[in-house]
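Student: Before we start, here is the structure in question, set down as structure tokens.
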Amino acid sequence: MEKIFLMSKLSDKIIFSTIILVLAFSYVHEFIDDFTLSVIIAVIIYLALLTVYLFFRSRIANTKTINTREMATLFAIMGTENATKLIYSTLPDEYKIKMKAPYIQCEKDGIRYLIMVAYKFINLTEDDMARSYREASKEGIDKVVILARARDRRVTNLANLLPVQFIFPDKRAVFRYLYTRNALPEKPITHKKPQRTKISLGDIRDVLFEKRKMKFYLFAGLMTLVSAFITPYTLYYLIFATIPLIFACICALTTDQS
């Protein structure tokens, strides 16, 4: 599964790079008639853009400030106890009532709130919702704030059924709240080299010829085939239409076991 995921990312990069190259060539060829020279200049433009992209990406990756996705991951690594303590420490003293991980009780403007710190490596579950509801009912609290990575529709539907008000702050709002209080989790510094997973021809086959991709190859091939009869470049369109249609045939012959 990890190899297939890496191959999917690799195929996305190849497609994106191809689009950039074709776009650069199209612009250059509008001003320069020589085909070979246009290709060379397009490749130079692509390499220059790639260098700039890699430079800024490395600068962003090396910065100590984390993003919203990393914030949720670091909270999950910290564990419920430490994450709850960190959130509790950012609250004004006059709002605090008590803390018992993963719950925080606080009061603002005469309204009591139950905050549940539920950062995990998975999204919020219905079990988490049920636990927070039981805790709120026991404490006589009608407003529950849940801090989590994300939630799905089933969780939202359950929240609408339960007789308390659930509040799901946006992760960017939580990030800004912690950032302004200098309370974001610290990003660990590592000097380990990333491990590269070797990709075999079998992994490439699994990504390119998944059965569910057959309809996309068929659609691309048929659209290109139709375009061949309404443009003066019939031969080129026929060639490019043949490739996805061949891929679709291979997908149809591919078994789930292979």
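The values are calculated or read from the model by the stated rules, or taken from the named source; none is laboratory data. It should be emphasised that the depicted structure is a prediction, and the values quoted were computed from it without experimental measurement. Positions of Cβ are generated from backbone atoms using ideal geometry, with glycine treated the same way; all protein chains shown enter the neighbour counts.
Student: Can you name every residue in region 41-92 that is β-branched (Val, Ile, Thr), modelled with pLDDT under 90 and in contact with a Phe, Trp or Tyr (Cβ under 9 Å, 6 or more places away or on another chain)?
Tutor: Once the filter is applied, which keeps residues that are β-branched (Val, Ile, Thr), modelled with pLDDT under 90 and in contact with a Phe, Trp or Tyr (Cβ under 9 Å, 6 or more places away or on another chain), region 41-92 yields ILE41, VAL43, ILE45, THR65, ILE66, THR68.
Student: Any idea which of (1) out of contact with any helix residue (DSSP H, G or I) (no Cβ under 9 Å at 6 or more places or on another chain); (2) at pLDDT below 80; (3) hydroxyl-bearing (Ser, Thr, Tyr) is the one THR36 doesn't satisfy?
Tutor: All conditions pass for THR36, except number (2).
Student: Here's something else I'd like to know. Looking at region 101-190, what strands (runs of 3 or more DSSP E) fall wholly within it and have at least 3 residues that are surrounded by 14 or more Cβ atoms within 10 Å (Cβ to Cβ) and among the hydrophobic types (A, V, I, L, M, F, W, C)?
Tutor: Here the list reads 111-117, 143-147.
Student: Those residues that are of a type in the set (A, V, I, L, M, F, W, C) and out of contact with any helix residue (DSSP H, G or I) (no Cβ under 6 Å at 6 or more places or on another chain), I need them from region 95-111; list them, please.
Tutor: ILE97, CYS106, ILE111
Each row is one residue, and each column tells you yes or no for (1) more than 23 Å from LYS13 (Cα to Cα); (2) part of a helix (DSSP H, G or I); (3) hydrophobic (A, V, I, L, M, F, W, C); (4) at pLDDT 85 or above.
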{"site": "ARG212", "(1), (2), (3), (4)": "no, yes, no, no"}
{"site": "ALA220", "(1), (2), (3), (4)": "no, yes, yes, yes"}
{"site": "SER227", "(1), (2), (3), (4)": "yes, yes, no, no"}
{"site": "THR231", "(1), (2), (3), (4)": "yes, no, no, no"}
{"site": "LEU235", "(1), (2), (3), (4)": "yes, yes, yes, no"}
{"site": "ILE239", "(1), (2), (3), (4)": "yes, yes, yes, no"}
{"site": "ILE243", "(1), (2), (3), (4)": "no, yes, yes, yes"}
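Student: Looking at region 194-253 only, could you name the residues that are in contact (Cβ under 8 Å) with a residue 40 or more places away in the chain and β-branched (Val, Ile, Thr)?
Tutor: Passing the criteria: THR197, ILE199, ILE204, VAL207, ILE250.
Student: Could you grab the pairs with beta carbons closer than 6 Å, sequence gap of 6+ or different chains, first residue in region 11-32 and more than 30 Å from PHE209 (Cα to Cα), second one surrounded by 10 or more Cβ atoms within 10 Å (Cβ to Cβ) and of a type in the set (A, V, I, L, M)?
Tutor: Correct list of pairs: VAL28/ILE41; VAL28/ALA42.
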